[in-house]
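The values are calculated or read from the model by the stated rules, or taken from the named source; none is laboratory data. Only a predicted model underlies this, so the values are computations on that prediction, with no experimental measurement involved. With ideal geometry, Cβ positions are generated from the backbone for all residues, glycine too; neighbour counts draw on all protein chains shown. Ligands, DNA and RNA are stripped out before the accessible areas are found, and what is left, the full protein with its side chains, is counted by its heavy atoms. Shrake-Rupley method; radii C 1.70, N 1.55, O 1.52, S 1.80 Å.
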Amino acid sequence: MGFEEMWRALLPVGRDADTGGYHRFAWTPPELECRAWFADEARRRGLALEHDRNGNMIAWWRPEEGEGEPRVDRGHRAVLTGSHLDSVPGGGAFDGPLGIVSAFAAVDLLRERGATPRRPIGIAAFAEEEGARFGVACLGSRLLAGAIDPARARGLTDGDGRTFAEVLHGAGLDPDAIGPDEELLGRVGCYVELHVEQGRALREPVGVASSIVPHGRWRLEFAGEGNHAGTTALADRRDPMIPFAGMVLAARDAAERNGTVATVGKVRVVPGGVNAIASSVTAWLDARGPADDAVRRTVAEVGAAAREAARPHRVAVELAEESYTEIVDFNLALRDRVAGALGGAPVLPTGAGHDAGVLSARLPTAMLFVRNPTGVSHAPAEHAETADCLAGVEALAAVLDDLARG
Ligand code: GLV
Ligand code: MN
Ligand code: MN
């Protein structure tokens, strides 16, 4: 099955018919359907399917298995590629799945061309990359790499109050077994993730990542007092919505002052009645910027502004960090080798987080980007032209071929 056929097969899964946006949250039915698709594609190619302890899946091409001459030197660590199948709420089709579909297509190309890799090639589907269900981005790769405390991960809850541990258990995994997986990491020599570019910086079909900017997520809780919208005098109110609104505006100002970006894209209002003053508001702040100190300053300023806005309304404010990723400079030698295998390609930084960024603390990792003509991402209009996607497959095949040779 070629790239376009695989792409078409995935397109309807989890797509909202009204908005065209995708809702593929980890271990919900649409994401499970994507996982089943992944398993089918592995099976169809005779790739060995591995379910790791942390909810990640890997399809292994080990050329010594059933393909004539044993070629893999067992001392050689694998080349891992892949991406993720989950989406943000109302996300685009490309963020994540493009890297996985391209990986299967690249392995097909290598096989058609009679490539003789000396290393196993694995195609990974990392779990909960977007953190759309449990709040922590790249949860599967963080657990694998030891970048999150397993006990904390077990206790993360989704919007319905279900814990990550319960959901894992329901999916047939042992929640007590999650955490750093040295055995799996020890089998992998490097990870190369292909991804749709998420801005407009890439003018050519394919580019190579240089770095990921520091980024993180914070949760702000505003606790006030629920009351009647018609009978409560203004002076008697403890309305958490007012400091919340002040905080949103402060985030924009702080970002402008510090040369960062700050976004409040998710808010939960309790109880959420038109004719009721809210008792509490929970808001999530996403902040990113070129340097750690600028991001930290942005968040500190937002927190201070929220507290100041809350005081006259007798609202309590709490600010908690949910995740933070320091700057990632991708491994220079691998990046040069990847760019070299492509005969030179533009090299660019990104403001988006990726499993490749998390894994870079444990392995050499690199990323290929496929041009995004409008730069829109995390939205239904996210797009890449088919010709560019096919150029991405060729590029990934060239990189895998090169890396798996020696
Ligand atoms: C993931 O795509 C992120 O950058 O948040
Ligand atoms: Mn994303
Ligand atoms: Mn992604």
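A few remarks follow.
- Given (1) β-branched (Val, Ile, Thr); (2) touching a residue at least 60 places away in the same chain (Cβ under 8 Å); (3) surrounded by fewer than 19 Cβ atoms within 10 Å (Cβ to Cβ), index of the condition residue 315 fails: (3)
- Test: residue in region 1-12 that is at pLDDT below 95, open to solvent by 30 Å² or more (accessible area, probe 1.4 Å) and hydrophobic (A, V, I, L, M, F, W, C): yes
- Only listed residue being at pLDDT 95 or above, away from ligand 2 (no atom under 16 Å from the Cβ) and either open to solvent by 20 Å² or more (accessible area, probe 1.4 Å) or outside the structural domain of residue 399 (by TED's automatic domain parsing) (or both), chosen from 162, 133: 162
- Criterion (in contact (Cβ under 8 Å) with a residue 12 or more places away in the chain, within 30 Å of residue 243 (Cα to Cα), within 16 Å of ligand 3 (Cβ to nearest atom) and not in a loop (DSSP other than H, G, I, E, B)) met by exactly one of 323, 377: 323
Residue by residue, here is whether (1) among the basic types (Lys, Arg); (2) over 23 Å from the mean Cα position of the chain (by Cα) holds:
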position: 311; (1), (2): yes, yes
position: 317; (1), (2): no, yes
position: 322; (1), (2): no, no
position: 326; (1), (2): no, no
position: 331; (1), (2): no, no
position: 340; (1), (2): no, yes
position: 344; (1), (2): no, yes
position: 349; (1), (2): no, no
position: 352; (1), (2): no, no
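- The lone exception for residue 128 - which of (1) open to solvent by 20 Å² or more (accessible area, probe 1.4 Å); (2) within 16 Å of ligand 2 (Cβ to nearest atom); (3) in contact with a Gly (Cβ under 7 Å, 6 or more places away or on another chain) it fails: (1)
- Residue within region 184-196 that is among the basic types (Lys, Arg), within 16 Å of ligand 2 (Cβ to nearest atom) and assigned by TED's automatic domain parsing to the domain that holds residue 85 present: no
- Only one entry in 352, 361 is open to solvent by 50 Å² or more (accessible area, probe 1.4 Å), assigned by TED's automatic domain parsing to the domain that holds residue 192 and either touching a strand residue (DSSP E or B) at 6+ places or on another chain (Cβ under 9 Å) or part of a helix (DSSP H, G or I) (or both), namely 361.
- The residues on offer are 304, 287, and the sole one that is under 19 Å from residue 249 (Cβ atoms) and open to solvent by less than 30 Å² (accessible area, probe 1.4 Å) is 287.
- For region 339-346, the condition of being touching a residue at least 60 places away in the same chain (Cβ under 8 Å) and under 30 Å from residue 148 (Cα atoms) holds for none of the residues.
- Only one entry in 122, 140 is within 16 Å of ligand 3 (Cβ to nearest atom) and surrounded by 16 or more Cβ atoms within 10 Å (Cβ to Cβ), namely 140.
- Candidates in region 94-119 are the residues that are assigned to a loop (DSSP other than H, G, I, E, B) and within 12 Å of ligand 3 (Cβ to nearest atom); of these, the one that is nearest to residue 390 (Cα to Cα) is 94.
- Verdict on residue 43 being away from ligand 3 (no atom under 16 Å from the Cβ), more than 13 Å from the chain's Cα centre (by Cα) and either within 30 Å of residue 158 (Cα to Cα) or at pLDDT 95 or above (or both): yes
- Among the candidates 168, 185, residue that is outside any loop (DSSP other than H, G, I, E, B), away from ligand 3 (no atom under 16 Å from the Cβ) and touching a Pro at 6+ places or on another chain (Cβ under 9 Å): 168
- Cβ-Cβ under 6 Å pairs, at least 6 apart or on other chains, region 92-103 side closer than 14 Å to residue 126 by Cβ, far side modelled with pLDDT under 95: none
- Given (1) within 16 Å of ligand 1 (Cβ to nearest atom); (2) crowded, with 23+ Cβ neighbours inside 10 Å, number of the condition residue 178 does not satisfy: (1)
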